[in-house]
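The values are calculated or read from the model by the stated rules, or taken from the named source; none is laboratory data. Quick caveat: nothing in here was measured; it's all calculated off a predicted structure. Glycine also receives a Cβ, built like all others from the backbone with ideal geometry; neighbour counts cover every protein chain displayed. Quick note on the areas: whole protein, heavy atoms, side chains included, nothing else; ligands and nucleic acids left out. Shrake-Rupley method; radii C 1.70, N 1.55, O 1.52, S 1.80 Å.
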Amino acid sequence: MKLDHIKKGPLTSEDLRAVQLIQMEMLVEVDRICRLHDINYAMIGGTMLGAIRHKGYIPWDDDADIGLLREEYEKFRQVCETDLDHSRFYFQDMRATPGYRWGYGKIRRKNTYFLREGQAHMPYESGIFIDIFPFDNVPDGKIAEKLHNLHCTVIRKILWSEVGKKTDRNPVMRGVYSLLSKIPLQVVSNHLQHFTNRGNRKKSKRVRTITFPAPDKYSEGMKEWFEQTVEYSFENLKLLGHRDYNAYLKHKFGDYMQLPPESKRKSHPVSYYMLLDKL
């Protein structure tokens with residue numbers, strides 16, 4: 001990596017668009033692999049919203065999100081080992097990348113750099129990326145659901161602890177995170193694997209991203225949304241999304257066609273970044 005090519009954040013508007021175009025390469029690759037192996041996926045979050053409201057990226061968005069039911073995610077991560085274009089991209093998740101602490105995967109672009117705030121000490125490569133989220137079953141009963149959500153929160157806090165012990169503004173929480181960070185990552189990874197396997201043996205109408213830091217209500221969704229997908233235009237691409245996009249987007253965003261106030265049209269905080277290095 002050529003250090004003189006690294007820029008300090010935040011992204012300029014020109015560089016934000018360059019990041020989006022690099023991410024589109026990865027979206028094309030994910031779509032190619034999934035169609036080749038009959039893996040069902042869906043655009044989720046702001047990517048699905050962008051497809052409906054903007055026919056592409058939300059203008060200020062600097063990431064892209066893909067969601068798969070757990071069974072489809074496991075197939076996807078396996079075929080990435082053989083069919084991902086490793087000359088341009090690499091796949092990360094907790095089982096593939098030492099020191100990686102997020103319970104979902106990322107496809108990253110080689111010869112780029114994109115460092116989120118507070119994560120300079122994390123021991124893995126940090127290229128420009130898109131997120132690949134597995135969705136796991138949520139128990140149907142109210143009490144079981146609350147216990148499940150609490151369990152998810154605890155796992156999430158332990159995984160975040162390596163960052164939280166350095167970045168949390170509350171000194172008490174920094175101390176708590178310091179203690180949590182001493183739990184061996186392999187122990188947490190094994191527990192997460194057992195937790196998801198056990199939960200997915202039971203039938204459920206709803207699914208959620210277990211380790212993404214969003215309120216439980218917005219982390220959950222109907223399983224059928226991920227089972228029933230159709231093509232949508234996204235920029236100049238054709239990508240899969242929820243057939244019932246209206247139900248999904250209303251659940252996730254409320255009045256989703258209404259633009260947020262300008263004060264909330266923000267990209268994620270990035271400390272340093274580098275666009276494609278021509279080497």
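Would you call ARG201 surrounded by 14 or more Cβ atoms within 10 Å (Cβ to Cβ) and either in contact with a strand residue (DSSP E or B) (Cβ under 9 Å, 6 or more places away or on another chain) or among the hydrophobic types (A, V, I, L, M, F, W, C) (or both)?
Details: surrounded by 14 or more Cβ atoms within 10 Å (Cβ to Cβ): no; either in contact with a strand residue (DSSP E or B) (Cβ under 9 Å, 6 or more places away or on another chain) or among the hydrophobic types (A, V, I, L, M, F, W, C) (or both): yes.
When the stated conditions are applied, ARG201 does not pass them.
Is it the case, given these coordinates, that HIS86 is closer than 21 Å to LEU36 by Cα, open to solvent by 50 Å² or more (accessible area, probe 1.4 Å) and assigned to a loop (DSSP other than H, G, I, E, B)? Before the answer, list the steps.
On the way: closer than 21 Å to LEU36 by Cα: yes; open to solvent by 50 Å² or more (accessible area, probe 1.4 Å): yes; assigned to a loop (DSSP other than H, G, I, E, B): yes.
When the stated conditions are applied, HIS86 passes them.
State whether the residues of the range 105-118 include one that is of a type in the set (Val, Ile, Thr), surrounded by 18 or more Cβ atoms within 10 Å (Cβ to Cβ) and modelled with pLDDT of 95 or more.
Just the residues of the range 105-118 that are of a type in the set (Val, Ile, Thr), to begin with: 107, 112.
Still in the running and surrounded by 18 or more Cβ atoms within 10 Å (Cβ to Cβ): 107, 112.
Now restrict to residues that are modelled with pLDDT of 95 or more: 107, 112.
Yes, the range 105-118 contains a residue that is of a type in the set (Val, Ile, Thr), surrounded by 18 or more Cβ atoms within 10 Å (Cβ to Cβ) and modelled with pLDDT of 95 or more.
Inside the range 57-80, can you point out the residues that are outside any helix (DSSP H, G or I) and surrounded by 18 or more Cβ atoms within 10 Å (Cβ to Cβ)? Step through it out loud before you land on a result.
Step one: list which residues in the range 57-80 are outside any helix (DSSP H, G or I), which gives 57-69.
If the condition is that a residue be outside any helix (DSSP H, G or I) and surrounded by 18 or more Cβ atoms within 10 Å (Cβ to Cβ), then TYR57, ILE58, ASP61, ASP62, ASP63, ALA64, ASP65, ILE66, GLY67, LEU68, LEU69 are the ones that fit.
Only residues that are open to solvent by less than 70 Å² (accessible area, probe 1.4 Å) and not in a helix (DSSP H, G or I): list them for the range 171-186, please. Walk me through it before giving the result.
Filtering the range 171-186 for residues open to solvent by less than 70 Å² (accessible area, probe 1.4 Å) gives 173, 175-178, 180-181, 183, 185.
Listed by number, the residues that qualify are SER181, ILE183.
Kindly indicate whether any position in the range 21-44 is assigned to a helix (DSSP H, G or I) and more than 30 Å from ARG70 (Cβ to Cβ). Let's see the steps before the verdict.
Kept after step one, since they are assigned to a helix (DSSP H, G or I), are these residues of the range 21-44: 21-36.
Right, trim to more than 30 Å from ARG70 (Cβ to Cβ) and you get 21.
Within the range 21-44, one or more residues are assigned to a helix (DSSP H, G or I) and more than 30 Å from ARG70 (Cβ to Cβ).
In the range 144-202, how many are among the charged types (D, E, K, R) and over 19 Å from PRO213 (Cα atoms)? Write out each step before concluding.
Step one: list which residues in the range 144-202 are among the charged types (D, E, K, R), which gives 145-146, 156-157, 162, 165-166, 168-169, 174, 182, 198, 201-202.
Subsequent filtering for residues that are over 19 Å from PRO213 (Cα atoms) retains 182, 198, 201-202.
The qualifying residues number 4.
Based on what the data block shows, is HIS251 in a helix (DSSP H, G or I) and open to solvent by less than 60 Å² (accessible area, probe 1.4 Å)?
Values: in a helix (DSSP H, G or I): yes; open to solvent by less than 60 Å² (accessible area, probe 1.4 Å): yes.
Judged against the criteria, HIS251 is a match.
For the range 34-49, name all the residues that are surrounded by 21 or more Cβ atoms within 10 Å (Cβ to Cβ) and either at pLDDT below 95 or not aliphatic (A, V, I, L, M) (or both).
Once the filter is applied, which keeps residues that are surrounded by 21 or more Cβ atoms within 10 Å (Cβ to Cβ) and either at pLDDT below 95 or not aliphatic (A, V, I, L, M) (or both), the range 34-49 yields TYR41, GLY45, THR47.
So, LYS223, is that one modelled with pLDDT under 95 and farther than 27 Å from VAL19 by Cβ or not? Steps first, please.
Values: modelled with pLDDT under 95: no; farther than 27 Å from VAL19 by Cβ: yes.
No: the conditions fail for LYS223.
So that you can scan it fast, the table gives a plain yes or no per residue for (1) assigned to a strand (DSSP E or B); (2) touching a Leu at 6+ places or on another chain (Cβ under 8 Å):
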position	(1), (2)
ASP131	yes, no
PHE135	yes, yes
ASP140	no, no
ALA144	no, no
LEU147	no, no
LEU150	no, no
THR153	no, no
TRP160	no, no
